[in-house]
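Before any comments, here is the structure.
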Amino acid sequence: MRDDPRLPGDGPRRPGDDPHVLAGDEPLGLGALAAVGSFFAVATGPALDPTGPEGLVHGESGLPLTEAHRTDPGSPWRARIADVAARLGTAEPRVAASIAFQGLAARLWSVALGAAVLTGHVPDLGPGRLWWHPDRPAPADLRLPDPRPTAVPGDTAARLAATVLHGHLVPLVRASRAASGVSERVLWGNAGSALAGTVGVLHGWARTAGASGGASAGASVGAPAGTPGAAAAGEAADRAGALARALFTDPLLRGTGTVSASGGRPGFVRRSCCLYYRVPGGGLCGDCVLRTRVTERP
C-alpha cells in the first residue's frame, strides 16, 4: 500500500520522529505501530479543547471523526473531497470521493488491525473518541486522546468489523455518496482493497522483522520474554492473515474481490475500480479489476 500512487507515504517513522506522536510507552502499547510505518501510527494523549463560544471548531486538535459522517452540505467530509479533487487536479467529485475514502479506510484499517495484531487489543474508535485532522499527513491526521480497548463483545474479527466497518466505513460510504454520487460498489471495493493492502504491509513487515532476527520483532508483537523475534514475527504475520480472511466473510466485504495467498503473502484482486485511472496522470492500481481484462466495469 505504501507504493500505491493514490496514498503518498512518507516512510516508516519512530514515535519520536513526529511531534504529534508520543514517544515511549503508550496506553495499549500503540507506540509499537509506528515501527510498521506512518500509516499505522496514531497520535495519543490529550488534545486542545475542541469547543468554543460557537461550539465545535476545526482547530489544532482537529475534530471528531464522526463529524465526517455527516451528509449535509457543510460536512467536513465534503470539504475533504473538494480538497482531494484540487490536489489531484480532477473535476469529477466521484473520483475525489473514491480516493479520499480509500485513504481514510486504509488509515482506519492500519490503526485497528495493526493494534489487534501487534498488541492484542482492538482500540475503541467509537463516537467522540477518535479525532481527525484532515489537513495533516499520517500519522498526525488521527489522534486517540485516551486510548482504551473497545468494549464491543465478540472475537477479535467481530470487534474489528464493529469498530471499522460498521462504526466508520458504513457512515463514510453514505457521506461519500451524498457528496458525489460515487458508486457504493466502488467504495466497498476500496474498503476491501485497503484491508488487503494493510494486511500485505503488516505481513511484509513482520516477515522482514523476523528475518532480521532483531529482538524488537519479538517485543513489538508482545511476545513473552525469550521468544525468538522470528517466531513472534511469524505469528504476527499469520494472525494478520487469519483476521483478514475472517473480515472478508462479512457481507459488506464478501464479493469485493478475490483473496489469495502466494508464498505466504496475501493477495487481492478487486472486482471494481477505484477510478484512479481518471485522474490526470493516473493509471491502474495493482489490484484493479481492469488489469484482468474482465468486461465488468465499476
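The values are calculated or read from the model by the stated rules, or taken from the named source; none is laboratory data. Because the structure is a prediction, the values reported are computed rather than measured. Here Cβ is always computed from backbone atoms with ideal geometry, including for glycine, and neighbour counts include all displayed protein chains.
Taking Pro171 as meeting all but one of (1) in contact with a His (Cβ under 7 Å, 6 or more places away or on another chain); (2) at positive phi; (3) at pLDDT 95 or above, write down the number of the exception.
(2)
Among the residues of segment 59-101, write down those that are buried (at least 23 other Cβ atoms within 10 Å of the Cβ) and under 24 Å from Ala32 (Cα atoms).
Gly62, Leu65
Of everything in segment 144-196, what is polar (S, T, N, Q) and more than 13 Å from the chain's Cα centre (by Cα)? Give them in sequence order.
Thr150, Thr156, Ser176, Ser180, Ser183
Rundown of residues vs (1) buried (at least 19 other Cβ atoms within 10 Å of the Cβ); (2) part of a strand (DSSP E or B); (3) at pLDDT below 90, yes/no style:
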| site | (1), (2), (3) |
| --- | --- |
| Ala196 | yes, no, no |
| His203 | yes, no, yes |
| Ala231 | no, no, yes |
| Asp238 | no, no, yes |
| Pro266 | yes, yes, yes |
| Cys274 | yes, no, no |
| Thr295 | no, no, yes |
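When the residues of segment 63-108 are filtered to those that are basic (Lys, Arg), part of a helix (DSSP H, G or I) and in contact (Cβ under 8 Å) with a residue 40 or more places away in the chain, which remaining residue is nearest to Ala246 (Cα to Cα)?
Taking the candidates together, the pick is Arg107.
Say we look at segment 132-179 and pick out the residues that are touching a Ser or Thr at 6+ places or on another chain (Cβ under 6 Å) and not in a helix (DSSP H, G or I); which of these is surrounded by the fewest Cβ atoms within 10 Å (Cβ to Cβ)?
Thr150
Can you pull out the residues in segment 109-125 that are modelled with pLDDT of 95 or more, among the β-branched types (Val, Ile, Thr) and part of a helix (DSSP H, G or I)?
Once the filter is applied, which keeps residues that are modelled with pLDDT of 95 or more, among the β-branched types (Val, Ile, Thr) and part of a helix (DSSP H, G or I), segment 109-125 yields only Val111.
Considering segment 150-189 alone, what residues qualify as being within 15 Å of Leu108 (Cα to Cα) and touching a Gly at 6+ places or on another chain (Cβ under 9 Å)?
Selection gives Thr150, Ala161, Ala162, Thr163, Gly167, Trp188.
Here is a yes/no grid of residues against (1) at pLDDT 80 or above; (2) touching a Leu at 6+ places or on another chain (Cβ under 8 Å); (3) under 22 Å from Leu30 (Cβ atoms):
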position: Ala209; (1), (2), (3): no, no, yes
position: Gly218; (1), (2), (3): no, no, yes
position: Leu252; (1), (2), (3): yes, yes, no
position: Ser262; (1), (2), (3): no, no, no
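Just to be sure I understand the filter: pairs with C-beta atoms under 9 Å, separated by 6 or more residues or on different chains, first member in segment 242-254 and among the aromatic types (Phe, Trp, Tyr), second member loosely packed, with under 14 Cβ neighbours inside 10 Å. Which pairs pass?
Between residues of segment 242-254 that are among the aromatic types (Phe, Trp, Tyr) and residues that are loosely packed, with under 14 Cβ neighbours inside 10 Å, the close pairs are Phe248/Arg254.
Any idea which of (1) farther than 18 Å from Leu33 by Cα; (2) buried (at least 16 other Cβ atoms within 10 Å of the Cβ); (3) modelled with pLDDT of 85 or more; (4) of a type in the set (A, V, I, L, M, F, W, C) is the one Leu243 doesn't satisfy?
Of everything listed in (1) farther than 18 Å from Leu33 by Cα; (2) buried (at least 16 other Cβ atoms within 10 Å of the Cβ); (3) modelled with pLDDT of 85 or more; (4) of a type in the set (A, V, I, L, M, F, W, C), Leu243 misses just condition (1).
Testing Ala23 on (1) over 30 Å from Leu275 (Cα atoms); (2) at pLDDT 80 or above; (3) of a type outside the set (S, T, N, Q), one condition comes back false. Which one is that?
That leaves (2) as the condition not met.
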